[in-house]
Each structure stands twice: as C-alpha cells, then as structure tokens.
C-alpha cells in the first residue's frame, strides 16, 4: 500500500518497474510499467503542446479506453488537470463544457468526431487517439521517465469533473492531487484493497465515481484495472470472470440492469468480493447478494467532496452510516437541527415532515470549489458551512438515512415528502424493474405524487399492493403512474428526473391515474388531462 504518497503523480511514479499486468481492455493488456511509461510520454507531449500562460487543462472526450487513465496519469505528472467531457452532451452544451473549462487540448477518438464537426472551438487542438498522426506525435517522447516530473504538489488541480446539470448548466468541480490521493487511500484502507485485486471500471470515467472510487484506490494499492468501454448489463458477469475482477463501483440504475438479466445457475461462481456505490437501494442490494453472493456497500459522498458518510458494521438496514462529527440534518429555512426520526413497529417513518432536512457539514471539509463559478461556490458554502443539496433524516442513534435530493422534495396537502422514501416502498412491487417518483403540480396548490414504473404494471394489483404496505403514508400513494419499457437515464445511469418532471402527465407513454376520492387506477384520457389543466387556471 502506497500510503505515504501524497500526490497522484507520486503514485504513478511508483508503478515504474512494476511488470505485473496492470490494465485490461478487451484483448489489450498493459503492465503497470507500461502505463507509467505511457503516462510519462503523454506528460512530455503535453508540456510541449500547452501554450504559454494557458490553464493546464486537458479535455478528455473518450469512452473507457486505456487512453483515459493514461491521460489522467499524464496530467498528474505534468501538474495539469483533466476535464472529463460527457459524450452524451450535444451542440452548444458540449462546446460550453470544453470552453468553460479552458481546455486548449481535447483528446478524443474517431467515434466521437461527429459530435465536434459543427462546433466552434477557437484555440482548441484535437488529438485523435486511434489515428496514425497521434502515434507519430507521441513517438519522440517514448523514452520519457516519470521521475523527470517532480514538480507536482498536493494543491495542483488534477480533475475538473462535471456535476449533474438537472438544475442548470453543469458545474465543474475541482479536485486536487492531494484530495484524489487521499480519497483513494481512504477507500483502499477501508475495503482492504490489495495488489492482487482487479477493479472493474464499467461506469464512465468522465464521471467522478469511476475515477475517485474505482481508479484512485486501485492506483494507491497497486491493483489492476479492467475497463469496459461502455456499461453493459449483459456482459457484466462475463467480464468479471474474464478479468478476475474483485471490486467494482456503480451509480444509479446499473445494479437494477444487472439484476434484470436472465438468471443462471452459476451466477454465484464469480471472483467479486464487493461492490461500492450509490442508489442501488436496500431491495436491490439484498437481491444482488442473494443472486451473486456479493455484498454491495452503499456509501454517500457529495460529488464535490464536502461531506461523506461511511458505512460500518452494525449500520441498520436502509441507513447509509453514522453521522461523523460536524454532520447535521438542518431545516434549510430555519437553519435549526431537525429532530430525530420516529418509527412505528413496522418501520414506518412517523415524523417525516419534521425529521427530513438537508445534510450539512458544519465542520472542516475538503470542498475545493467549482471552476470559475463563484455563485455556485457561495450556494454550497452558505454561512461557512457546506450544504450538500441532499435530504436525509437521522435516527436517535445518529444513523443517517438518505431521502433524496432537495429537488426531489414534494409538498402534498401541506406535508413534506421525500421521493426516495416513496421509491423504496414502490420498489417492492413485483412487476417493477425500476421506479422513479417526482412531483407534478397540484391543480390547486402544492404537488401531487407521480411515479414512473419500468416493468409490468397491472392497475388492480398495484392498488392492492399499495394498500398492503404498512409504511406507505396516506399522502404517499402516487396519483399518476407512467409505465415505460425502460427507465430514461443519464449517461451515468442515474434516472433522468429533470426530463420526467418536465414532461409530467403530457408524455408519450401510457399514464394511469387515481382520481380524487377513488381507490382504483384507470387510464388517463386526453379529456382527463384537459379537465385537470382547466382546474389549474
């Protein structure tokens, strides 16, 4: 374990001379030494290509190919930063991401060139990795040594990774070498990651999860990494076996997609020790362990690094972990601390309106700000505290339970509800492969509950299922249910809630609804929708 290394550059340099296999991608295998050597060559090239006085930022518009970790390592050696560019962005939004982060070099591949064809990117030089000109450009630097780069410091930026753009333009969060190395060290220590482990990176590397929670701890421990160009649920188990993967990370609906694949008698015959991520949910985590014999550890950490909650033995089912010193659940309006959650004998939360609030870190935190976005910095750092933008509640023993984003709060009949709590209940429905809950406007005031369900839906069975759930509050039952074949998701496999909220009941899919005063669901007709709209005017 390279616990004494304080920068990512030092971790990369430590791999020089290590001739064990270090990276697998398809049929390609590179040793740790070859990765360090390739990083040094790219760092030397970068030093020559960056214009004098330019921000040392490199845009990387790639799928999960070996070039991605090579450029991460190269940037670290050169004291530069990689801005992960999301290939699902288009047109002006894509150009904005590249130009906002002041990338003078953009590393990409031929498959993504059509995305750039009509964009105006003044002063940006393209490096297309799967071409002969790129190989020719690198060739003179083949003998570069990682040790030639000794100027990197823990305070140097190494990542600019975009947060979700659900409430506006995505923000580029800053991560320094010191923070990334420390995060990797913490996870490697917590999970006992060893040199002979193999990390399966199937989440996109332009997102912070794959780099911070998967690549960084592997680098710290000297473990290998196996790359999947793009996430594939159908290839997940085959890849794990092929590469001998022992650890993986996930976000969003990835676990649900794996569970939706056809079961096989030998599913438990795999080398995985654990998976680490967010948003799998207690139901799916239990199903994953039953089927594959692999424990999923649900963690919480804000993308920007301002707050984290660690799971520990004894954490109650459904909880993320115990609140560390400085963490508090606050009412965002009064700034007062919310009272502890109270539960009935069935585990139903009795005082959600009072106990659910925003998780705030009132102590020291490693939040390093956003690139060129003082307004967003101020929003996160209100009153000297770090406001996560996430809803939680805590039990009397200070265990924290995730209740969704602040954007996912609903107010129904003057009662505050958290979408995540309702989703956890609806996920028990036998026909549900995936569930999303969000607010649609009430004709009079406040919100009504709408759910999108991917899977098989029977209106009578669903109504009976709701009646049988002891922890479903009287205001929680969905007024509307949109039925889809596949849940719409973002590039990081998180539910595309902004799109669902925007479409509401005016969507192309079948919508069932429960009219006021009725217990049964029936199809929403155009006349129903018109009548509802008229009552709002």
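Every read-out reported here was derived from the displayed coordinates using simple, explicitly stated rules and does not represent laboratory data. Since the structure is predicted, the reported quantities are computational estimates derived from the model, not experimental observations. For neighbour counting, all protein chains shown are included, and Cβ atoms are generated from backbone atoms with ideal geometry for every residue, glycine included.
Annotations for the structure displayed:
- Put the Cα centre of the stretch 29-72 next to the Cα centre of the stretch 240-257 and the gap is 26 Å.
- Separation of the stretch 146-219 from the stretch 502-518 is 42 Å, based on Cα centroids.
- Take each peptide in 220-226, 394-400, 46-52, count the other Cβ atoms within 10 Å of every residue, and average; sorted highest first, the result is 220-226, 394-400, 46-52.
- Extension gain (nm, one decimal) between residue 468 and residue 333, 0.36 nm per residue minus Cα-Cα: 45.1 nm
- When both the stretch 421-490 and the stretch 273-352 are represented by their alpha-carbon centers, they are found 21 Å apart.
- Gyration tensor verdict on the stretch 366-420 (Cα atoms; rounded if a/c is under 1.5, prolate if a/b is larger than b/c, oblate otherwise): oblate
- Packing-based order for 261-267, 279-285, 180-186, using average beta carbon neighbours within 10 Å, highest first: 180-186, 279-285, 261-267
- Two-decimal Rg to Rh for the stretch 378-537 - Kirkwood Rh, Cα set: 0.98
- Extension gain, residue 286-residue 350: 0.36 nm per intervening residue step, less the Cα-Cα distance, totals 20.6 nm.
- Report note on the peptides 340-347, 22-29: ranked by the mean count of other C-beta atoms within 10 Å, highest first, their order is 22-29, 340-347.
- Spherically averaged projected area in nm², based on the convex hull that wraps the Cα atoms of the stretch 281-431: 11.1
- For the chain, the share of DSSP beta bridges that are antiparallel, to the nearest 5, is 55%.
- Here the stretch 321-340 is scanned for amide nitrogen atoms under 20 Å from the site 7 Å beyond the Cα of residue 189 along Cα-to-Cβ, giving 321-327.
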